Amino acid sequence: MSDGLRIVDLRLDVEATGNDIVDQVTISIAKGKVLALVGESGSGKTTVGLAILGHTRRGVSLNCGQVFCGDTEILGLDESAKRKARGHLVSYVPQDPSSSLNPALRIGLQLREILEAHNFGNSSEARNSRIREMMEEVLLPTDDDFLRRYPHQLSGGQQQRVGLAMAFACRPSVIVLDEPTTGLDVSTQAHVLATIRQMTSKHGVAALYITHDLAVVADIADEVAVLYAGRVVEQGLVKDIFTRPAHPYTRHLVAAAPDIATKKEVVGLSGRAPSPGKRPKGCAFALRCALATDECRNSFPEEVNVGVSHSARCIKVGQVEHERIAPKVTAVTHSQGSPILELREVSAGYSSIMVVHDVSLTIRKGECLALVGESGSGKTTVSRAIGGLHREWTGSMFFNGTELAKSARQRSTETRLAIQYIFQNPYGSLNPRRTIRDSIVRPLVIGGMSKADAGKSVLTVLDQVNLPAIYATKYPDQLSGGERQRVAIARALMSNPEVLVCDEVTSALDVLVQAAIVDLLGSLRKNLGLAILFVTHNLPLVRSIADEVAVMSEGRIVEFGPAESVIGNPQQSYTKSLITATPSIARSLR
Amino acid sequence: MSTSIDVEQVEKPSGLLRTALRLKRTQIGLGVLIVMIGLTIVGPFIAPHSQTEFIDMPNSLNIPGALFGTDYLGQDVWSRFLIGGRSILLLSMSATLLGTTVGTFLGLLAAITKNKTDEFIMRIFDVILSFPQILLALLLVSMFDASPILTILAVALSTTPRVGRIIRGAALSVVERDFVQAATALGETRIRILFSEVLPNVTGPLLVEVSLRFTYSIATIASLAFLGFAPDPTAANWGTMIQENSAVIVIQPWGAVLPVIAIAVLTIGTGLCSDGLSRVLAGLDRGGKGE
C-alpha cells in the first residue's frame, strides 16, 4: 500500500536558542493505518503533530525535513497553499473539544464553514447532504434540531465527535489526532476510539495518533513510534513494541503501564527527560539507563533493525539480553487491621443539589481502599468531605471511634494532622513562593512544635519519599511534576498521619512517574501502616495498588469488595460496562 | 524502589522585579526616578537662597546669582525649585503607601471571605470610585484644611479602592488554588493564610499597582497645590509655583516651566517603571520569559 503520510528527517528548533525540540524524526504511515506517537509530556509529540499541518508554535522554527501527505510536500508550500491544504489534505483533532469548538456558533454552521472554506460541494444542497453524511459517520443525530445546537448543549463525547466530523469533512488523506480522548470518561472514550478506527480504515486515511496512554495505543494503533527527548527511539508494529520492546526506555514504559486485564506491579523510573538545550550529544536516555556505557554517552545511536519493520536507536540492541524489569516491592498483602475511618450514610451536595447519596465505607489500618468512578460520580466530593474541605454533608464519619466534625476548622488539631489530604495537581498544591522546607514543616508547626525542631524531621521525611536533602532549599518551580507530588506526600507524612486521602494524585503525571508514585505509596503503607483512600478514575491502576475497591456511580456506591474480585469478576452491570470499556494492552494483543 | 536522580537542574526563574530591571524602559524609568528623588533630597541643601527670601525685582531674568531669575514676588526661582519637590514627593509617597496598604488588606479580605464582608467592602469601594480622584481629594481638603495629614488621607482614600479591586481580583484566583485548600485542611488560621499563602502570590500585580498609584498620587497632589490647597501656601511647592507664575509665563517662563518639567519627568519615570513591571507581569502570566 502506498504511503499516506511520510515525514523525513524532521527537525524543529527553539527559535531563540537554536536548540532542537525534535530531531531526526522519520515516520511513514500507510493509508488506512493508525500510527501512535507515544511519549512523555515535553517529548515533542504535539510539535511533530503540528508540523504535519505546516504549523509551528510561536518561538519554534523549522530547521530541516520534509512532510509528504500523499505526493504533496507540506513544509515547502507558501502560507496560502498551506492554508488550503489544512482541512482539505491534512486535518487536526485537538485534545480538548470544549475549547476547540466556537461556543458562539451552532455546530451545523461550524461544519458548513469547513466545507465552504474548501469549496467542497458546489451547491448548498450538496453541502447539507454532506453534513448529514458526516454526522451519520460519527454516529450523531442528523436532524436539524441537533445541528442547531450550540457546543455547550453537547456532551464531551458528542463534542469530540463533532470535532472528528469536522476533521473528516473534506475527506483528507492525513489526519493528526492530538490526545483526542484524554479528557473523556472510559465509556465515551471507547465510542470515540471505535469511530476513529472505523473512519480511518473506511476512508483510507493515514492517521497519526498522539497519546501517552499505552492501553489506548494497544487498542487503536497498527504501529507505534516512541518519542523520547525529541527523538524516535523505537518504531514498530504494536505487537512487537509491547511483547518485544527493544529500547530500554520502551521497556520501562511498558513495565510502568498498569493493565486492567492482569494484576501487575507497575515499575517506575526516576529522573526526567532532558529538555531542549540540555540534551547530551549521545543517547538522551543514557542518564537514566541502567545499561549505559561511555559509548552511549558519547555518540548518538543510529537506527538498528531488530525485526520486520521494527527498529530502535540503541547500541545495546542485540548485544545485551535485557533483563526483565521486575517489580521490587512485594505483592500487596491483604490486611485485616482494625477499622480506622468509617463513613455511615454520608450524603453530600452543593447548596440544594445532592451529588452523593448514602455512602458507607470502612477503611482499615494499613489498607488501601480505591474509590473509583467516572467524572461527576461524586468521588472527589466524598474525599473532600473526609478531608474537611467540603462542609455540606449529612450522615456521620468516625475516625478511630470518635465522630468527625464537618469542616477542618471545627476538628481538633490532632484529627486534622492524622487525616492528610493529597491533591490531584502537584503544580497547584505547593505555594510557589515558599521553599520546600517551609512548605513541609507547617503540619508540625501547627501541631505546636517550634520551627527549628520541626526542621529536623524534614530530612527524614524527604528520605522517605526518595528525595535528596538538597531539595529542602528548593522552590516548587525548580521541581518536576513527579518530584512535586513527592513533596506533597512528604508534607502529608510530616505529622505521622494515620490516613492518607489521595485525590487522583497520579492523573497529572506521566506513566513512569505515576508508577514511581504508586510504588512509593505502596511501600509507605507497608512500612508505616498507613491507611490510604485512593480516589481515581484509572481502573487499571486500581488493580495494581488497592486491596478493596468501591465503585461509585451517580453519587452511590454500586459495587464494593476486594480489588481482585471486583475488577476480575464484576457483578454489577455498571462495573462490567466500565471494565469492558477500559482499553487493555493484554486484551488488545490477544 | 527508585532513588531520585535529578537529570536536569532547573534554575529558579527570576522574580518580577529582577526580570523587569532587564528591560530598557524600567532601567530608564528607575534612573530618572533616582535622579529626581536625589534632587529633592539634596536640593534644599544646595539651594543658594531660602525659599521666602526676596532677592531682586519680581519677574526678572538675568540676575547675577539667580540662575533662572526671580518669580512674581521676587524670590529665587532656582532655590524654590530645588526646595519645592520635597513636600510633593513626601506626601505622594506616604499617600501611596497608606492607600496601597489599606487597599491590599481590604482586597485580600474581600477575596478570602467571599460573603457579606466581600459585598460590603466592594460596595464601599464602588461609592468611592464614583468620585473622580481629584474631586474627592478637593472635597476633603476644602471642607477641612490642606494639612499634610489630611492631604495624605484624602489621596490615600481615593487610592484604596483602586488597589483593592486589583488585589481582590488577583487573590480570587490564588484562593481557589490547592495550596490554600491544603493550608485550610491543615487548620491554618485565616489571617495566616491571608498573609502567608495568598499575599506572596499577588506581589506581582501589587508592585505594578504601587508604581501606577504613585504616578497618579504625584499628579493629584501637585494638582491640589496648583488649585491652592498646599499644606503651607507660602512655602515652595512645584504645584503652587506653577499656579503663581503661570500668569507671567510670557515674560518670566522659568517660574512655571521648571516645576512643570520636574513633575513631568517624575511621572514619566514612575510611569516607565510601572509599564516595565506590568509588561513583565503580562509576559510571566503567559508563561514566557517576560520580554
Dipole size in debye (nearest 20) for the range A:339-582 around its Cα centre, Lys and Arg Cβ +1, Asp and Glu Cβ -1? 800
Using a/c under 1.5 as the rounded threshold, could you call the range A:3-221 rounded, prolate or oblate? The axes a ≥ b ≥ c are square roots of the C-alpha gyration tensor eigenvalues, and prolate needs a/b larger than b/c, oblate otherwise. prolate
For chain B, averaging the sequence separation of alpha carbon pairs under 8 Å that lie six or more residues apart and dividing by its residue count, the contact order in percent is 26
If Lys and Arg each add +1 and Asp and Glu each add -1, what is the summed charge of the other residues whose beta carbon sits under 10 Å from the beta carbon of residue B:162? +1
Rounded to 5, the percent of DSSP beta bridges in the protein assembly as shown classed as antiparallel: 60
Neighbourhood net charge (15 Å Cβ-Cβ; Lys/Arg +1, Asp/Glu -1) for residue A:454: +3
Relative to the longest principal axis of chain A, what angle (0 to 90°, nearest 10) does the C-alpha long axis of helix A:481-493 take? 10
If amide hydrogens are placed 1.01 Å from N in the peptide plane, which non-local residues have theirs closer than 5 Å to the one on residue A:314? A:304
Pop out the ³J(HN,Hα) list for the range A:298-303 in order, Karplus 6.51 cos²θ - 1.76 cosθ + 1.60 with θ = phi - 60°, rounded to Hz; leave Gly and Pro as x. 9, 10, 6, x, 7, 6
Skipping prolines and chain starts, which residues have an amide H placed within reach, meaning under 5 Å, of the one on residue A:340, given they are 5 or more residues away or on another chain? A:363, A:364, A:365
With springs connecting C-alpha atoms under 10 Å apart, model chain B as a Gaussian network and identify which of B:143, B:241, B:36 has the largest mean-square fluctuation. B:143
Apply the Karplus curve 6.51 cos²θ - 1.76 cosθ + 1.60, θ = phi - 60°, to the phi angles in the range A:543-554 and return the couplings in whole Hz, x for Gly and Pro. 5, 7, 10, 9, 8, 10, 10, 10, 9, 10, 9, 6
Work out the mean other chain Cβ neighbour count within 10 Å for the residues of B:182-195 and drop it here as an integer. 6
May I ask you to give the average projected area over all directions of the convex hull of the Cα atoms of the range B:137-291, in nm² rounded to one decimal? 12.3
Note to self: C-alpha centroids of the range A:381-436 and the range B:196-225 sit apart, in Å, by 37
With θ taken as phi - 60° and the coefficients 6.51, -1.76 and 1.60, list the Karplus ³J(HN,Hα) couplings across the range A:465-471 in order, rounded to whole Hz; mark glycine and proline as x. 9, 6, 10, x, 4, 4, 5
Please say if the range A:84-174 is rounded, prolate or oblate, where rounded means a/c under 1.5 for a ≥ b ≥ c the square roots of the C-alpha gyration tensor eigenvalues, and otherwise the choice is prolate for a/b larger than b/c and oblate otherwise? oblate
Isotropically averaged projected area of the range A:339-582, using the convex hull of Cα atoms (one quarter of hull area), nm²: 12.8
Any idea how far the Cα center of the range A:216-245 sits from the one of the range A:510-567, in Å? 28
With an 8 Å cut-off on Cα pairs and a minimum separation of 6 or more residues, tell me the relative contact order of chain A in percent. 15
Would you work out which of A:66, A:129, A:90 lies farthest towards the positive end of the dipole of the range A:2-150, given +1 charges on the beta-carbon of Lys and Arg and -1 on that of Asp and Glu, about the Cα centre? A:129
As I understand it, the value is the acute angle between the Cα axis of helix A:511-528 and the longest principal axis of the Cα atoms of chain A; what does it come to in degrees, rounded to 10? 10
Assuming 0.36 nm per residue, please report the length gained on full extension of the stretch residue B:115 to residue B:61 beyond their Cα-Cα distance. 13.0 nm
Assuming R0 = 51 Å, can you tell me the calculated FRET efficiency for the pair residue A:17 and residue A:452, based on Cβ-Cβ distance, to the nearest 0.05? 0.75
Using amide H atoms built 1.01 Å from N in the peptide plane, name the residues 5+ places from residue A:447, or on other chains, whose amide H lies under 5 Å from its own. none
Would you work out which of A:390, A:12, A:580 lies farthest towards the positive end of the dipole of chain A, given +1 charges on the beta-carbon of Lys and Arg and -1 on that of Asp and Glu, about the Cα centre? A:390
Counting C-alpha atoms alone, how compact is chain A: give Rg to one decimal and Dmax as a whole number, in angstrom. 25.4, 79
Charge dipole magnitude, Cβ of K and R +1, D and E -1 - the range B:89-231, Cα centre, debye nearest 20: 60
Point-charge dipole on Cβ atoms (K/R +1, D/E -1) for chain A, about Cα centre, debye to 20: 980
Using the per-residue mean of other Cβ atoms lying within 10 Å as a proxy for protection, in what order, highest first, do the peptides A:65-71, A:92-98 fall? A:92-98, A:65-71
Between helix B:203-226 and chain B, what is the angle of the helix's C-alpha long axis to the longest principal axis, kept within 0 to 90° and rounded to the nearest 10? 20
Where Lys and Arg each count +1 and Asp and Glu each count -1, what net charge lies around residue B:255 among other residues with Cβ under 12 Å from its Cβ? -2
Count, for each residue of A:438-444, the Cβ atoms from other chains sitting within 10 Å of its Cβ, then give me the mean as a whole number. 2
Computed FRET value (nearest 0.05) for residue B:128 with residue B:191, which takes r as the C-beta separation and R₀ as 30 Å: 0.75
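Each value in this text was obtained by applying a stated rule to the coordinates, not by laboratory testing. Because the structure is a prediction, the values reported are computed rather than measured. As a convention, Cβ positions derive from the backbone with ideal geometry for all residues, glycine included, and neighbour counts pool all protein chains shown.
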